[in-house]
Amino acid sequence: MLSGRRDALRRLLVDDACGLLVTSLPNIRYLSGFSGSNAALFVSQDDPADDIICTDGRYLTQVKDECPGLPVHPARSCATALVDLLSARGIGRIAVEDNLTIAIEQQLGKSVLLTPTSGLTEQLRAVKDAGEIELLARAGQITAAAMAQLFTEIRVGMSEITVARRLEQLFGELGADDRAFETIVATGSGSASPHHHPTSRELAAGDLLVIDAGAKVLGYHADMTRTVVVGAEPVAWQVHIHGLVLAAQSAGVATCAPGVTLNSIDHAARSIIEAAGFGAEFGHGLGHGVGLEIHEAPMINARSTGSIWANTPVTIEPGIYLPAQGGVRIEDTLVVEVASIRVLTELPRELAVVG
C-alpha cells in the first residue's frame, strides 16, 4: 500500500528532477509509514528501488519495523545526508518540498540543483483510502464517546483546565493514542474567542461552554465542537444564536457531495448566519480537511477554489462569537462518500444543559 502511494507520487513529479526529497514528517509518514520525529525520504522519479529513507540512531529499530523493505541511511542531519548520498551517486537535480528553511535549502543547493515543488503529496493525502477512513472513524467515535461522558461529569465550579484534562484522560481510557490538538474549553465570555486557551476560570451557572477537541489514533486526527449551557436553562439570545449555528452547520453538511465547489459549501452555511445579521461575528472559514494533520487540504472558505472529492474527510464548523458576551460553534468531522455523507463524530447537537 505504501509503495503504491510512492508510485502515485512518482506520476506527479516533474520530468527534469531525479526524484523528490520529502522533509515534511506527515508526508513521510504517509509515504513510508515512519512515525519518528527526525527523517527525510527520497522518492525516485524512475526506479522504486532507489527510494531511501534517512533517520538517526534513535529510530533505527523503529524505521525497520515501520518501513520494511525500504533502504535506510542513518544520519542525524537527514536532509543534508540524503542529498550528499544522492550527489555521490551522480544525481544532479532533485525536487524539494516548499517547507524547507532558506538555510537548509542553501546548504542543499551546494551539492545538487533543486527544483521547488508545492503540495504534491498533500494533493494525494486529501483523498483517503479505506484504512485511513477507518482510523479517522475510530478517532471520531472515541472523541464523541469521551465528550458524551464528560457532559455527565461537568459541574458548576469546575475550571476550564480541569474539564480539558478530564476530556483528554477519557480519550486515553477509550483507546486513543493522544489528543489531536490542544483542547479548547471556553466558558462565559471566553466562548466568544474561537481559539481560547483553557484557564483556571470556573464554570458558572448560565455560562455558554464551548468544547473543541479531538482524539488521535495511529496518527489520524478527529475534530469536534459542541456548545452547551452550564447549570441553568438557556436564555433567549443563547437559544437564538445556537439555532442559527445549528442551521448553518446542517446546511453546510447537506451541501457536501463529490464535485461540489468548496466555496459553495461555505456559502450554504455562511448565508444563513449573514441573513440573520451576524456575518461579521463569523470570522473564520467553514472547515478543513483532516488526516495525519489536524488542518490539511482542502480548506473550505469563501475564497476556496476547486471542488470536494469522494472519500475526502472534512470538518464543517460554523460559529457566532459575540465579544464580552459569549459564542457558539458546532463542528463535526465527516467523510464525503460517493453517494452519502458519513459523520464520524456523531453526538447530539442541540443546546443541552450540563452540570
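Taken together, the values in this text are just the output of simple stated rules run on the coordinates, not laboratory data. These figures come from a predicted structure and were not determined experimentally. Virtual Cβ from ideal backbone geometry, glycine too; neighbours counted across all protein chains shown.
Between 0 and 90 degrees, rounded to the nearest ten: what's the tilt of helix 262-275 against the longest Cα principal axis of the chain? Computed tilt is about 20 degrees.
Run the numbers for SER307 and ASP129: contour at 0.36 nm per residue of separation, minus the present Cα-Cα distance, in nm. Don't jump to the answer; show the numbers that get you there.
Numbers: separation 178, 0.36 × 178 = 64.08 nm, distance 1.84 nm.
The span from SER307 to ASP129 would gain 62.2 nm if fully extended.
For the chain, a Gaussian network of Cα nodes joined below 10 Å ranks GLY90, GLY206, GLY140 by mean-square fluctuation, and the top entry is GLY90. The phi-based Karplus calculation (6.51 cos²θ - 1.76 cosθ + 1.60; θ = phi - 60°) puts the 3J(HN,Hα) values of segment 350-355 at 5, 7, 8, 9, 10, x Hz, whole numbers, x for Gly and Pro.
Helix 78-88 and the longest principal axis of the Cα set of the chain meet at an angle near 20°. Once you have a ≥ b ≥ c as the square roots of the Cα gyration tensor eigenvalues for the chain, tell me rounded if a/c is under 1.5, and otherwise prolate or oblate according to whether a/b is larger than b/c. Cα axes put the chain in the prolate bin. With R₀ set to 41 Å, the beta-carbon distance separating ALA204 from HIS295 gives a calculated FRET efficiency near 0.80.
The length gained by stretching the chain between ILE161 and SER77 to full extension, at 0.36 nm per residue less their Cα-Cα distance, is 26.4 nm.
Subtracting the Cα-Cα distance of GLU337 and ALA148 from their residue separation scaled by 0.36 nm leaves 65.4 nm.
Comparing CYS78, MET158, ALA276 along the charge dipole axis of the chain, the residue lying farthest to the positive side is CYS78, per the Cβ-charge model.
Classify segment 2-125 as rounded, prolate or oblate, taking a ≥ b ≥ c as the square roots of the eigenvalues of its Cα gyration tensor: rounded when a/c is under 1.5, otherwise prolate if a/b is larger than b/c and oblate if not. The shape class here is rounded.
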